[in-house]
Amino acid sequence: MKAAIIIVCVLTAIFLLGWLGLKVKPKPFDAYPQQSGAVETMPLPKGLPAPVERYYRVLYGENVPLITSVVITGRATLRVIGNIPFPGRFRFTHEAGQSYRHYIETTWFGLPLMKVNERYLESVSRVDLPFGTTEDEPKVNQGANLGLWAESVWFPSIWLTDERVRWEALDADSAVLVVPFEEAEEHLIARFDPETGLLSLLEAMRYQGADSESKTLWITEAGDWGQLEGQLQMTVGAARWLDQATAWAIFDVDEVIYNVDVNDYLRTIGP
């Protein structure tokens, strides 16, 4: 009987320790070592679908910024092991409309537990995880390309300034975002809040992995908006699959840096 009680107490202590470790938010990564560069603007194009034009006017007014690169840093909640919500931190680096690199850490008691290095360079994806590497898999490339364009929600002027991208009308509160992928195109449905005019979500059909037999509806949602770098910005975003009950990732942004040289940084590993 005593042995059973001891076992229960030990298991309870382990559970509580694990639970407490998941409640500790990690410190943010150190600030990116460059300040935002100069940002020029261009007039808001004419002929946009009505909800798209409203969205850009709410964000930018009459002129939209010309963004060439972005570094996005923040904290996250990630369900990468089972359905356990691990705290984490991230840094996403983009050469706008061309390439990206993701560095993500899940943490326990604020300490790194699992590190993810992911990149999409010259239309080739590479994902380095503790349990293996995936590189240049066609279905992963498709997903990475959608990620490239969906994450542009942090610098959505690229959806206007990149000549390969176009908007198509859908209804009063939605539009289709058409983006390039290799020799073809992909389509994302953009839903806008009818009250604020801001983007609510993007949805697209995406492969979940290299072995996926078919695509699944993938949804990225805007959770909150605020001021960053003097610009109205999505400060909280989430990503989920239609066949999952909850978001697998929630990203809370601490810092956004625009128009810096990221050429070498895109090809490194780590934060």
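Give the relative contact order (percent, whole number) for segment 2-267; include only Cα pairs under 8 Å separated by 6+ residues.
In percent, rounded to a whole number, it is 20.
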Point to revise | 3J(HN,Hα) from dihedral phi, segment 122-130, Karplus parametrisation 6.51/-1.76/1.60, rounded to Hz, x for glycine, proline | key: 6, 6, 10, 9, 9, 10, 9, 10, x
Point to revise | Cβ-placed point charges (K, R +1; D, E -1), dipole of the chain about Cα centre in debye, nearest 20 | key: 1220 debye
Review point. What's the center-to-center distance, using Cα atoms, between segment 61-134 and segment 194-271 in Å?
Key: 10 Å
Exercise for review: Go ahead and set up a Gaussian network model of the chain, Cα springs under 10 Å, then flag whichever of V116, V124, V39 fluctuates most.
Suggested key: V39
Exercise for review: Please state, to two decimals, what the Cα-based radius of gyration of the chain comes to when divided by 2.2 N^0.38 Å (N = residues).
Suggested key: 1.09
Exercise for review: Would you please give the residues with an amide H less than 5 Å from that of V64, counting only those at least 5 places away or on a separate chain, with H modeled from the backbone geometry?
Suggested key: M42, L44
Check your understanding: Points 7 angstrom from Cα along the Cβ direction at F109 and L129: gap in nanometres?
Key -> 2.6 nm
Study note, to complete from the structure: HN-Hα couplings for segment 170-178 via Karplus (6.51, -1.76, 1.60; θ = phi - 60°), in whole Hz with x for Gly/Pro, come out as 10, 7, 5, 10, 9, 7, 9, 9, 9
Review point. Which of the helices in the chain meet the span-like rule: DSSP H, Cα axial reach of 20 Å or more, Kyte-Doolittle mean at least 0.0?
Key: 2-22
Practice item. Residues in segment 224-243, backbone N under 11 Å from the label point at E255 (7 Å along the Cα-to-beta-carbon vector): list them, ranges by number please. Key: none
Review point. Segment 111-178: which GluC sites (Glu not before Pro) are DSSP loop and have at most 10 other beta-carbon atoms within 10 angstrom?
Key: E122, E163
Study note, to complete from the structure: Taking the chain, the lysine pairs whose C-alpha atoms sit under 23 Å apart (8 or more places apart or on different chains) add up to 5
Point to revise | Residues of segment 38-76 with amide N under 12 Å of the 7 Å Cα→Cβ point at D224 | key: 75
Point to revise | Most fluctuating residue given options Y55, Y258, Y103, as computed from a GNM of the chain linking Cα atoms under 10 Å | key: Y55
**Study point:** At R0 = 45 Å, FRET efficiency that the Cβ-Cβ distance of D171 and E213 yields, to 0.05
**Key:** 0.90
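Bear in mind these aren't lab numbers, they're just calculated from the coordinates by the rules spelled out. If you're wondering where the values come from, they're calculated on a predicted model, not measured in any experiment. Note: ideal-geometry Cβ built from the backbone for every residue, glycine included; neighbour counts use all protein chains shown.
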